[in-house]
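A.B. asks: First the structure, then my questions, so here it is.
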Amino acid sequence: MIDDKEIVVLTGKEAVGKSSLIDYLVERGENKILKLTTRPPRSDEVDGKDYKFVSFDAFVNDPTMLVSSRIGYNLYGINRSSLEAHQGRSFVTLDTDGILQLEKSVSPQSIRIMMISAPSRVVIQRMINRGERLDDIRAKRRFDEMMFGDSIMKKIKSPVFHLDGSLDVPKLAKQMYYELNRYNSGKTAALVARQSVERV
């Protein structure tokens, strides 16, 4: 079953800390939903750990593919077995289009959206530190404004929580857990209250 899981989606604009956060969480024993990709592995990547590397034909002919996107000539996606691989809570990074695709296959109540944001100066400096050219940074920033605009965010049905991407990764993780625990505690309290009313 998929709908009995808690899927935590880390999302946000470029260089806000999504990848660093998910790596930190996995190092501490959390489950990561493994994405499939048609691109070849890089020298430091391990099949089944970083991605599941598949052929183009295997990807496009997978009838269980739930989320897919294209970056350049490469495809990335999540299929049903990726979602079913772990019990309980699992983490994944997705953009807004990926979230909307996921919500078509999974109940929005099983999804928690962690929207990570950081001041422009922090994001731009991180991108410069990664060696990105200013033209590429400007293009990515324009694309992000479109992908995370109000019109798209309003289409998301899952609960959305806002995290401060200017924090260091351990503090960002702490903030995320606080929001998850607060939300799940509220859901539990609401369920107990509803059951009490039903018994009366």
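Readers should treat all values here as calculations from the given coordinates under stated rules, not as data from a laboratory. Being a predicted model, the structure only gives us computed values, none of them experimental. Note that each Cβ is placed from the backbone with ideal geometry, even for glycine, and that neighbours are counted across all protein chains shown.
A.B. asks: To the nearest 20 Debye, how big is the dipole of the range 34-85 about its Cα centre, given +1 on the beta carbon of each Lys and Arg and -1 on that of each Asp and Glu? Don't jump to the answer; show the numbers that get you there.
C.D. replies: On the way: 7 positive and 7 negative charges, 27 e Å.
Rounded to the nearest 20 debye, it is 140 debye.
A.B. asks: Something else now. In nm², what is the average projected area of the convex hull enclosing the Cα atoms of the range 34-85? Don't jump to the answer; show the numbers that get you there.
C.D. replies: Values: hull surface 13.8 nm².
Answer in nm², one decimal: 3.4.
A.B. asks: Now a separate question. Among Leu102, Ala85, Leu163, pick out the residue whose Cα is farthest towards the positive end of the charge dipole of the chain, where Lys and Arg carry +1 and Asp and Glu carry -1 on C-beta, about the Cα centre.
C.D. replies: Leu163
A.B. asks: Please list 3J(HN,Hα) in residue order for the range 133-144, calculated via the Karplus relation 6.51 cos²θ - 1.76 cosθ + 1.60 where θ = phi - 60°; whole Hz, with x for glycine and proline.
C.D. replies: 3J(HN,Hα) across the range 133-144, in whole Hz: 7, 4, 4, 5, 4, 4, 5, 5, 5, 5, 4, 4.
A.B. asks: Sticking with this structure for a sec: Would you tally the net charge around Ala15, using a Cβ to Cβ cut-off of less than 15 Å, leaving Ala15 out, and scoring K and R as +1, D and E as -1?
C.D. replies: Values: positive: Lys13, Lys18, Arg121, Arg126, Arg130, Arg133, Arg138, Lys140, Arg141, Arg142; negative: Glu14, Asp23, Asp95, Glu132, Asp136, Asp144, Glu145, Asp164, Asp168.
Charge balance near Ala15 sits at +1.
A.B. asks: Magnitude of the Cβ-charge dipole of the chain, K/R +1 and D/E -1, about the Cα centre, nearest 20 debye? Provide the component values of the computation, followed by the final result.
C.D. replies: Working: 32 positive and 27 negative charges, 94 e Å.
Around 460 debye, computed over the chain.
A.B. asks: Would you kindly state how much longer the chain becomes between Arg89 and Arg182 on full extension, computed as 0.36 nm times their sequence separation minus their alpha carbon distance, in nm to one decimal? Don't skip to the end; give the middle numbers.
C.D. replies: Numbers: separation 93, 0.36 × 93 = 33.48 nm, distance 1.54 nm.
Gain on extension, Arg89 to Arg182, equals 31.9 nm.
A.B. asks: May I pose another question? Using the Karplus equation 6.51 cos²θ - 1.76 cosθ + 1.60 (θ = phi - 60°), what ³J(HN,Hα) coupling, rounded to whole Hz, does each residue of the range 159-172 give in order, writing x for Gly and Pro?
C.D. replies: x, 10, 10, 9, 10, 8, x, 7, 6, 6, 4, x, 5, 5
A.B. asks: With no solvent and one point on each alpha carbon, what is the Debye value of log10 I(q)/I(0) for the chain at q = 0.11, 0.17, 0.19 Å⁻¹?
C.D. replies: -0.56, -1.32, -1.60
A.B. asks: Using amide H atoms built 1.01 Å from N in the peptide plane, name the residues 5+ places from Leu163, or on other chains, whose amide H lies under 5 Å from its own.
C.D. replies: Excluding prolines and chain starts, which carry no amide H, the hits are Met115, Ile116, Ser117.
A.B. asks: With n ≥ 4 as the cut-off for DSSP H runs, can you work out [θ] at 222 nm for the chain, using -39500 (n - 2.57) per run divided by the number of residues, rounded to the nearest 500? Numbers along the way, then the final one.
C.D. replies: On the way: 8 runs with 87 residues, N = 200.
Value at 222 nm, helices only, nearest 500: -13000 deg cm²/dmol.
A.B. asks: Would you grab the residues whose amide H sits under 5 Å from the one on Arg112? Only those 5+ places off in sequence or on another chain, please, with H modelled 1.01 Å from N.
C.D. replies: For Arg112, the qualifying residues are Ile7, Val8, Val9.
A.B. asks: What distance in nm separates the two pseudo spin-label positions at Lys155 and Ser81, each 7 Å out from Cα along the beta-carbon direction?
C.D. replies: 3.0
A.B. asks: For Glu145 and Ser43, calculate 0.36 nm times their separation in residues minus their Cα-Cα distance, and state this gained length in nm to one decimal.
C.D. replies: Numbers: separation 102, 0.36 × 102 = 36.72 nm, distance 3.23 nm.
My answer for the length gained is 33.5 nm.
A.B. asks: Could I ask something else about it? For Ile156, what is the net charge nearby, where nearby means another residue's Cβ is under 13 Å from its Cβ and Lys, Arg count +1, Asp, Glu -1? Let's see the in-between values first.
C.D. replies: On the way: positive: Lys104, Arg112, Lys154, Lys155, Lys157; negative: Asp95, Asp97, Glu103, Asp150.
Result for the neighbourhood of Ile156: +1.
A.B. asks: Please list 3J(HN,Hα) in residue order for the range 67-78, calculated via the Karplus relation 6.51 cos²θ - 1.76 cosθ + 1.60 where θ = phi - 60°; whole Hz, with x for glycine and proline.
C.D. replies: Whole-Hz 3J(HN,Hα) from phi for the range 67-78: 9, 8, 8, 10, 10, x, 9, 9, 9, 10, x, 10.
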